[in-house]
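Asker: Before anything else, here's the structure in question.
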Amino acid sequence: MKSKKKNAIEILIAEDSPTQAEKLQHLLEECGYMVTTASDGKQALILAQQRKPALVISDIVMPEMNGYELCKAIKSDEALKDIPVILVTTLSDVMDIMRGLECGADNFIRKPYEEKYLLARVNYLLMNQEMRKSQKMQIGMEIHLGGQRHFITAERQQIVDLLISVYEEAVHISEELKLRQRELADSNRSLTGLYHIAEGLNRAVSEREVCEKALEHALELPGVQAGWISLKEGESGLRLAAALNLPPALLTAGAMDGLCECRRRFLAGNMDHVTNILECERLQSAVGDTNGLRYHASVPLWIGERMLGILNMVGADQGLFKDEELEMLYGVGHQIGIALERARLHEGLEQLVEERTAALTAEIAERKRAELAVQQSEVKFRALFENANDAIFLMMEGAMIDCNPKTEQMFRCRREEILSLKPHEFSPPFQPDGRDSLEKAREKIVAALSGVPQVFEWQYKTFDGILVDTEVSLNHIEVEGKKMLQAIVRDISVRKVQEARIARLNRIYAVLSGINTTIVRVHDRQQLFEEACRIVVEHGKFLFAWIGTLDPDTQQVTPVARAGHDDGYLDQINLTAVADAPGNCHLTAEAITQMKPVICNDVATDNRIRNWCNEALKRGYRSLVVFPLIVKNRPVGVFVLYAPETGVFDDEEMRLLIEMAGDISFALDHLEKEQRLNYLAYFDANTGLSNRALFLDRVTQHIGGAHDEQKAFSVIMLDIERFSSINETFGRQAGDNLLRQIATRLKEMLDETYILARFSADNFSIATRGDGEGTGIAHVLEKILSGIQNQPFLIGEQELRASARAGISSYPADGEDVETLLHNAEAALKKAKLSGDKYLFYAPEFNARVAEKLSLENKLRRALEQNQLVLHYQPKVDLKSGQICGLEALLRWNDPETGLVPPMKFIPLLEETGMILEAGRWALTQAVSDARTWQAKGLRAPRIAVNVSPIQLQQKDFVSMVASVIGGTGNETVELELEITESLIMQDIRTNIQKLKAIREMGIEVAIDDFGTGYSSLSYIAKLPVNTLKIDRAFIINMTSNSDDLSIVSTIISLAHSLNLRVVAEGVETKEQANLLRLLKCNEIQGFLFSLGVPAEQIETFLHEKKSLLD
């Protein structure tokens, strides 16, 4: 392709991408160059030899001949070798550069390129072209690239230019890599800072440490130079918890007091996301040096639905963080919130531990003083020893040598039995932390003997095998110069139970928090159920949880969500609210009927679950609770939890779990109300039909489809007459009842393809599926109006009659948008009310056309009743003999008033109204009758072809109808053929093949009419039970002047003969067409060349005279 620039330097572009070629051509033409383009290397070489351009710019990867080969060919041609060649490519490997040098390229530019750079290289090569001609000295160069040696021989300037271009590309790539490295470094710094924040929070055990660690690592984020954390105090206050690297202006007294924009947002409850504060109010109003800091990002510190405080990160740049980083910082705020809660809990526990440790330390000190006293007074020592509240025993050389009565009580055996055993025999093999009891005991004994008192938890096993959790104080003492160990053992079983209870309650709090968060976030009932089950299993550590919904009619409970270990357990149970139903779960039935939680704290002993006890225990279920889900004081389902321990569901835990079930019930009620509101936004509450908003939306979509498919449709505005009088007379309730009944009738009369809506108090709107002519709409309206008017409505015990009028507008004639169509339909309705018509179209000419068509339909019905239809026949001629070999029956209407009516005026109406079924049967019967008549007169009746309409073939009784016609017309054999269009057969190919096979079995032939105009598959053509292909006249008319049509005709004839089918050509009007068809070996022709369609009497004459085409 050559550009239109004249008297300019010509540049040849070789590029297989049309887009890239067009872009480069435009760039060069804008600079005044004349450009020629080639789509591959081979074409470019030919153009170069023909046009000898001043410069060649070539892609490398191209079909036929790549850029290297093109460049080499140009440099090898004596006439072309001085033309500079620039290689432009996405390739950037070392070997690609090497191949560019070897093929003689003058420049090497990498895609995507900068336009200014490419133009500079072009200008440079063109400006230095003359200089290069005078410097044609060939030089050799050895280049080391990619670990290999290459020897290049080329002109010195050429090698220099190419190496310069390669160097510039390398510099460009290096700059890009540096930019990516800077961006990556910033990202790594951000990620490292966020990681350090999380890592620091994990190690922080106090509120102060949490705040200081968060700030310390927040300053590692890019652009952050200072920061402070404010924590909520009371209901309406904030206190400064920590600050780091504040500028001098904020270090002055009172500078951090009072409210600012971020604090006001926080206290107002508006800080539910991370915010980039554009101008920090506190920094603006501060007096003194702010170190240039002006902006900060405010990160809310939150957990669940509670806001704990704000983290402010300060910098000198506006917009410290990007949107995606703000979202990540929101999660960091959540982590800090969790860490603060954990730290506060830890501090509380530490305080308890300090108090307990202080008490224990004091106690130990007291015991030491007591031991001193014991040494001084054996009597006093024994008194204390014997009466101590804790178990005390003495050990020496690995044996127990003494113990007090409390030891006997703890180990549940006598003193003699205790002293006869080794200490390790009172311990289980392993301690709760997993360590070997003997190994851990040795470690503690060695430490105590070295003079370091040991205080630790230990689990003992009593004489009868019961495990007891204790706290042991192990000390080294000397009695009468003998070294021994004294163990003071306190039973802490109760404390352990309390700690376990606290841990369990913390899990329940986590469940409550997670479910409440889910309720806020989720707006789908099923998702709410699934998340609730998942949360109680993951956070509450329950083995299994499921939610079931109650069917109020059948009282059956259907599981809709579950999580945890089920293994088919629920599938075995009849989940019903009926208490005495066989195989049911009594707990579920009891929870639903009594509408309160039902607890089973020991599956093994509870008789209510005895039928499922073994299955439950097999899966590890030891206790369970069933919560009814109650909405509007009625049960709607159950939430069931299974725990791996017995006795789990105590009063305190149940209080929290009942709150959880209540929250889920509240969420269900909220979702139902939300769904109801969404429903009312698009549907009429009284009738259940679409409202105006939904109607407008659906019709707008309908318009889009009709526009794409170039179809018409109508919008009907239907008005219920005297509706206000009905409301005033019988009351609004009666009026609403009437509207509901009218809506029901409309839905029964219209199928789902119509769009139906209640538009206002007494107006309904309908959008039809499509009717370009209007008579179909008229029939629909007659059906609707009569359906409303002819049958009374029962309102209470009184019959009430109603009537309606309608206005119609049509798309696209009366409007191309929904508002225009509605406006025009309403205008037509107003005209109908004023004129007294039952309905009117918006366009007056449309009313006249519909009236005319309805009149024609009525006349056509009378024509069928009064036998005004007649058959004409058009002969088919055998091309070999020239004789009539068949006839096509053509339906005609002989109107007594106007004479013969054109087929195109009444046959489509027969199809549209369904009268074609009656007319088609009549035509088939009449054709057989005419053949019988000719046979009775001694004439040989040719094969008669009768056309079959789509509606006829679609009828289930089509085959039986044909059988009844040919079976009831006499005993003489009639050669009959049914003509069916190609597109009609392909609509339901499998069903139609079966019908046509049945037709063939009756001795009736089948022809495919208008062949070549449809979309049939050749694989199906071979399977069709047909005898004849009829070539459509559209191909015959131009076959003598149009080679394409001639080729199509020839192909169809060859195809037919290969399938042993007869071929008939329609619409033959000239001898030239007939002769050409004879040469193509077409079997038969039909058309005006021989005869028009004529009455049966004229055909009789033709048969008598044996009329021939050769006459």
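Every number in this text was worked out from the coordinates using simple rules, so none of it is lab data. Treat the numbers as computed from the prediction; the structure is a model and nothing was measured. We place every Cβ from the backbone using ideal geometry, glycine too, and count neighbours over all the protein chains shown.
Asker: Which angle between 0 and 90 degrees, to the nearest 10, do you get for helix 41-51 versus the longest principal axis of the chain when only C-alpha atoms count?
Answerer: Taking the Cα atoms of the chain, the angle to 41-51 is about 60 degrees.
Asker: What does the convex hull of the Cα atoms of segment 943-1002 come to per residue, in Å³, rounded to a whole number?
Answerer: That works out to 79 Å³ per residue.
Asker: Could you give me the ³J(HN,Hα) list for segment 257-264, computed from phi with Karplus coefficients 6.51, -1.76, 1.60 and θ = phi - 60°, whole Hz, x at Gly and Pro?
Answerer: Whole-Hz 3J(HN,Hα) from phi for segment 257-264: 8, x, 8, 9, 4, 5, 5, 4.
Asker: Given the peptides 247-260, 951-964, 294-307, arrange them by the average over their residues of other C-beta atoms within 10 Å, most packed first. Intermediate values should be presented prior to the final figure.
Answerer: Details: 247-260: 13.9, 951-964: 15.9, 294-307: 20.5.
The densest-packed peptide leads the list: 294-307, 951-964, 247-260.
Asker: Another question, then. So what's the angle, to the nearest 10 degrees on a 0 to 90 scale, between helix 18-30 and the longest Cα principal axis of the chain?
Answerer: Orientation of helix 18-30: about 90 degrees from the principal axis.
Asker: What Kirkwood Rh does segment 867-1105 have if only Cα atoms enter the pairwise 1/r average? Answer in Å. Numbers along the way, then the final one.
Answerer: On the way: mean 1/r = 0.0541 Å⁻¹.
Result for segment 867-1105, one decimal place: 18.5 Å.
Asker: Could you give me D for segment 278-318, from Stokes-Einstein at 10 °C and 1.306 mPa s, where the hydrodynamic radius is the Kirkwood radius over C-alpha pairs? Units µm² s⁻¹, please.
Answerer: Working: Rh = 11.5 Å.
Value of D from the Cα-based Kirkwood radius: 138 µm²/s.
Asker: Pull up the cross-link candidates among the aspartates and glutamates for Lys1023, meaning alpha carbon to alpha carbon under 19 Å and not fewer than 8 places away within one chain.
Answerer: Straight-line reach from Lys1023, under 19 Å: Glu977, Glu979, Glu982, Asp988, Glu1001, Glu1005, Asp1009, Asp1010.
Asker: Summing Lys, Arg as +1 and Asp, Glu as -1, what charge do residues with Cβ under 14 Å from the Cβ of Gln866 carry, Gln866 excluded? Present the calculation step by step, with values, prior to reporting the outcome.
Answerer: On the way: positive: Lys859, Arg861, Arg862; negative: Glu865, Asp895, Glu897, Glu918.
Surrounding charge for Gln866 is -1.
Asker: Divide, for segment 386-437, the radius of gyration over alpha carbons by 2.2 N^0.38 Å, where N is the residue count. Could you put the intermediate results ahead of the total?
Answerer: Working: Rg = 11.8 Å, N = 52, 2.2 N^0.38 = 9.9 Å.
Dividing the Cα radius of gyration by 2.2 N^0.38 Å gives 1.20.
Asker: What does the charge count near Arg495 come to, summing +1 for each Lys or Arg and -1 for each Asp or Glu among other residues with Cβ under 11 Å from its Cβ? Each step should come with its number before you reach the end.
Answerer: Working: positive: Arg356, Arg490, Lys496, Arg501; negative: Glu457, Asp469, Glu471, Asp491, Glu499.
Local net charge: -1.
Asker: If amide H atoms are built 1.01 Å from N in the plane of the peptide, which residues on other chains or at least 5 residues away come under 5 Å of the amide H of Val88?
Answerer: The list, which skips near neighbours in sequence, is Ser58, Asp59, Ile60, Ile109.
Asker: Another question, then. Ranked by Cβ crowding within 10 angstrom, fewest neighbours first, how are Ile502, Ile74 ordered?
Answerer: Working: Ile502 12, Ile74 26.
Exposure proxy ranking, most exposed first: Ile502, Ile74.
Asker: Moving on to the next point. Mind checking Rg over Rh on segment 536-604, alpha carbons, Kirkwood formula for Rh? Each step should come with its number before you reach the end.
Answerer: Details: Rg = 12.6 Å, Rh = 13.1 Å.
Over the Cα atoms of segment 536-604, Rg/Rh equals 0.96.
Asker: To the nearest µm²/s, what D does Stokes-Einstein give for segment 877-918 at 37 °C and 0.692 mPa s, using the Kirkwood radius over alpha carbon pairs as Rh?
Answerer: Values: Rh = 12.7 Å.
Estimated via Stokes-Einstein, D reaches 258 µm²/s.
Asker: So how many Å³ per residue does the convex hull of the Cα atoms of segment 663-705 work out to? Could the numbers behind the result be given before it?
Answerer: Values: hull volume 3.2 nm³, N = 43.
Cα convex hull per residue, to the nearest whole number: 75 Å³.
Asker: Less than 13 Å apart at the alpha-carbon level, and either on another chain or at least 8 residues along: which aspartates and glutamates does that give for Lys72?
Answerer: Asp82, Glu102, Asp106
Asker: Would you list which lysines come within 22 Å of Lys1071, measuring only between C-alpha atoms, while excluding same-chain residues fewer than 8 positions from it?
Answerer: Within the straight-line cut-off, Lys1071 pairs with Lys876, Lys880, Lys1030, Lys1081, Lys1106, Lys1107.
Asker: Further, regarding this structure: Applying a 10 Å radius around every beta-carbon, put 443-450, 747-754, 716-723, 64-71 in order of their mean neighbour count, most first.
Answerer: Values: 443-450: 14.9, 747-754: 12.5, 716-723: 20.2, 64-71: 22.1.
Going by the mean number of other Cβ atoms within 10 Å, highest first, we get 64-71, 716-723, 443-450, 747-754.
Asker: Under the definition of Cα pairs under 8 Å and six or more residues apart, what whole-number percent is the relative contact order of the chain? Walk me through the intermediate numbers first.
Answerer: Working: 1800 pairs, mean separation 41.0, N = 1111.
Reported relative contact order: 4 percent.
Asker: Give the long-range amide H neighbours of Ile277: residues separated by 5 or more places, or on another chain, with amide H under 5 Å away, using H modelled in the peptide plane at 1.01 Å from N.
Answerer: Close amide H contacts, sequence-distant or interchain: His296, Ala297, Ser298.
Asker: Can you tell me the order of 280-289, 834-843 when each peptide is scored by its average per-residue count of other Cβ atoms within 10 angstrom, highest first?
Answerer: Highest-to-lowest ranking by the protection proxy: 834-843, 280-289.
Asker: Next question, about the same structure. Using only DSSP helix segments of four residues or longer, with each worth -39500 (n - 2.57), what per-residue ellipticity at 222 nm results for the chain after dividing by its residue count and rounding to 500?
Answerer: On the way: 37 runs with 523 residues, N = 1111.
Calculated from helices alone, the mean residue ellipticity at 222 nm is -15000 deg cm²/dmol.
Asker: Once the Cα gyration tensor of segment 683-860 is diagonalised, what are the square roots of 5 times its eigenvalues, in whole Å and ordered largest first, as equivalent ellipsoid semi-axes?
Answerer: Working: eigenvalues 145, 75, 40 Å².
For segment 683-860, the semi-axes come out at 27, 19, 14 Å.
Asker: Hey, another quick one. For segment 883-987, build the convex hull from the C-alpha positions and give me its volume per residue in Å³.
Answerer: Numbers: hull volume 14.3 nm³, N = 105.
Roughly 136 Å³ of hull volume per residue.
Asker: Could you put Ile1031, Ile742, Ile109 in order, starting from the residue whose Cβ has the fewest other Cβ atoms within 10 Å? Mind dumping the intermediate values first?
Answerer: Numbers: Ile1031 30, Ile742 24, Ile109 20.
Listed from fewest to most nearby Cβ atoms, that is Ile109, Ile742, Ile1031.
Asker: So if each residue of separation counts as 0.36 nm, and I subtract the Cα-Cα distance between Tyr682 and His523, what length gain in nm does that give?
Answerer: Values: separation 159, 0.36 × 159 = 57.24 nm, distance 1.84 nm.
Gain on extension, Tyr682 to His523, equals 55.4 nm.
Asker: I would also like to ask the following. Would you mind counting up the charge near Glu721? Only other residues with Cβ under 12 Å from its Cβ, with Lys and Arg at +1 and Asp and Glu at -1. All intermediate terms of the calculation are to be shown ahead of the outcome.
Answerer: Values: positive: Arg722, Arg801, Arg805, Lys833, Lys838; negative: Asp719, Asp762.
That sum, taken over residues with Cβ under 12 Å, equals +3.
Asker: Could you give each residue of segment 348-355 its phi-based ³J(HN,Hα) in whole Hz, using Karplus coefficients 6.51, -1.76, 1.60 with θ = phi - 60°, and x for Gly or Pro?
Answerer: So the J values, rounded to whole Hz, are x, 5, 4, 5, 4, 5, 4, 4.
Asker: If each residue's Cβ is checked for other Cβ atoms within 10 Å, how do Phe666, Phe393 rank with the fewest at the top? Could you put the intermediate results ahead of the total?
Answerer: Values: Phe666 14, Phe393 25.
Ascending Cβ contact count within 10 Å gives the list Phe666, Phe393.
Asker: Find how much the distance from Thr462 to Asp436 grows on full extension, using 0.36 nm per residue of separation minus their present alpha carbon separation; answer in nm with one decimal. List each step's numbers first, then the result.
Answerer: On the way: separation 26, 0.36 × 26 = 9.36 nm, distance 1.79 nm.
Contour length minus Cα-Cα distance gives 7.6 nm.
Asker: For segment 504-679, state the semi-axes of the equivalent ellipsoid (square roots of 5 times the eigenvalues of the alpha-carbon gyration tensor), sorted largest first and rounded to whole angstrom. Please report the intermediate quantities before stating the final value.
Answerer: Details: eigenvalues 118, 78, 38 Å².
Value: 24, 20, 14 Å, ordered largest first.
Asker: For the chain, evaluate the Debye formula with one uniform point scatterer on each Cα (no solvent term) and list log10 I(q)/I(0) at q = 0.04, 0.05, 0.09, 0.10 Å⁻¹, rounded to two decimals.
Answerer: Evaluating at q = 0.04, 0.05, 0.09, 0.10 Å⁻¹ gives log10 I(q)/I(0) of -0.55, -0.81, -1.18, -1.22.
Asker: Roughly what % antiparallel, to the nearest 5, for the DSSP beta bridges in the chain?
Answerer: On the way: 126 of 170 bridges.
Approximately 75 percent, going by the DSSP bridge assignments.
Asker: Here is a follow-up. Mind checking the angle between helix 94-103 and the chain's longest principal axis? C-alpha axes, 0 to 90 degrees, to the nearest 10.
Answerer: Long axis of 94-103 versus the principal axis of the chain: about 40 degrees.
Asker: If we restrict to alpha carbons, what Rg and Dmax does segment 253-296 come to, in Å?
Answerer: 11.4, 32
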